[in-house]
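Only one structure is covered here, and it is reproduced in the block below.
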Amino acid sequence: MVKEIPGNLLIYDDGTVERLRDTDIVPPSIDAAGPNGVSTKDVVYLPELNLSARLYLPTAAAGGENRKLPLVIYFHGGGFCVASPFCAKYHRYVSRLAAESQSVVVSFDYRLAPENPIPAAYEDSQAALRWAFSHRAGNGPEPWLNSHADFDRAFLWGDSAGGNIVHNLAMAAGDPDFGLKGGILGMALVQPFFWGSEPIGSEVQFPDKMVKAVASHVWPYVSPSHPDNDDPQINPVAANGPGLVGLGCRRVLVCVGEADVLKDRGWLYYETLRKCGWAGVAEIDETEGKGHGFHLYELESEKAGALIKRLATFFNS
């Protein structure tokens, strides 16, 4: 017997996991003439778990050793169970954003389910944030961050499951006990993976039943210790949750697709954030006619380009 998350992975009776997509690896290139004029390199940020990150530096923009650029900390999507910062799809996307925004971007790897169920991804994201901010005084282990990252303009960014990770990371960072030296200016959630036990808005009549079934099934599968789709980690506006008032940043951009089953969850998050007493500014951007992850699969399209420009404007605001 084989268990399956359609389009993502297969799990065989002996426990072997076969991932069905985004298993390729693109090497980094420390080359000013590389794609989009962005140099990239890989570093290990959590040696005990052999977890790495890919750094992106807009070479022409860096100009000199002391020029500071916005710092963008990114977490990829993939339903918590597939993909990495090093596969072609995410590498090309993050390169484009780094070039368009003229930002230093760090794209962090994290442990994947089912071998490493939730909260592994959340724990890794917290370790990643602490590692990044260890460079704030200019004496961390990574020279690119010491020389070029402006920690007064630090942002979190994530797509789909990565957007979920970013939300939970911002909630953790908002706790004074987290002890982050310096603050996060803002976060961008692109088609964030939020869900709930009861359908809302267009979810009721969403035409693709398989997509809805997968969305409902993923969280219980990747988080077997807390499988309820109203767990606050997957449903941030759940009645039994802490709410959003403690979110640890001052600006939020939520990006949704008109044809995405997750669209109304993004809108609900935005509307709740505006009304809950959180002392920040929230914005939302909806791409007409587009579904989940369109910007990754149609990277050269006009609407994907518009989304990247919107993110770049946010990171430079």
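Here, each number is a calculation from the coordinates, and none is a lab measurement. Owing to the predicted nature of the structure, the values given are computational and were not obtained by experimental measurement. In this analysis, Cβ positions are derived from the backbone assuming ideal geometry, glycine residues included, and neighbour counts consider all displayed protein chains.
Annotation: amide H of Val281 within the under-5 Å range of Arg251, Val252, sequence separation 5 or more or interchain, hydrogens built in the peptide plane.
The count of lysine pairs in the chain that are at least 8 places apart or cross chains, and whose C-alpha atoms lie under 17 Å apart, stands at 9.
Taken over segment 238-285, the percentage of Cα pairs per 5 Å bin, counting from 0 up to the bin with the maximum distance, is 5, 21, 30, 23, 15, 6, 0. Two decimals is fine: what is log10 I(q)/I(0) at q = 0.09, 0.14, 0.21 Å⁻¹ for segment 133-257, from a Debye sum with one equal scatterer on every Cα and no solvent? Evaluating at q = 0.09, 0.14, 0.21 Å⁻¹ gives log10 I(q)/I(0) of -0.33, -0.71, -1.24.
For the pair Ser197 and Asn50, the difference between a 0.36 nm per residue extended length and the Cα-Cα distance amounts to 49.4 nm. A cut-off of 5 Å between modelled amide H atoms, ignoring neighbours fewer than 5 places along the same chain, links Leu156 with Ile73, Gly186, Met187, Ala188.
Here the Gaussian network model covers the chain, with springs between Cα atoms less than 10 Å apart; of Phe294, Phe80, Phe193, Phe294 fluctuates the most. A straight chain from Asp14 to Ala279 at 0.36 nm per residue would run longer than the Cα-Cα distance by 90.4 nm.
Nearest 10 degrees, 0 to 90: what angle lies between the long axis of helix 120-133 and the longest principal axis of the chain (Cα atoms)? Here the helix axis deviates by roughly 20 degrees. When only Cα pairs below 8 angstrom with a gap of at least 6 residues are kept, the chain shows a relative contact order of 15 percent. When shorter helices are ignored and each DSSP H run of at least 4 residues is given -39500 (n - 2.57), the per-residue value for the chain at 222 nm works out to -9000 deg cm²/dmol.
With distances taken between every two different alpha-carbon atoms, segment 36-190 has a Kirkwood hydrodynamic radius of 15.3 Å. Basic side chains Lys and Arg get +1 at the Cβ, acidic Asp and Glu get -1 at the Cβ, and with that the dipole of the chain about its Cα centre reaches some 880 debye. A cut-off under 13 angstrom between Cβ atoms defines the neighbours of Ala173, and their net charge, with Lys, Arg +1 and Asp, Glu -1, is +1.
Taken over the Cα atoms of the chain, the convex hull encloses 131 Å³ per residue.
Largest GNM mean-square fluctuation across Asp150, Asp13, Asp208, computed for the chain with C-alpha springs under 10 Å, falls on Asp13. Straightening the chain between Asp42 and Val204 buys 54.0 nm, computed as 0.36 nm per residue apart minus the Cα-Cα spacing.
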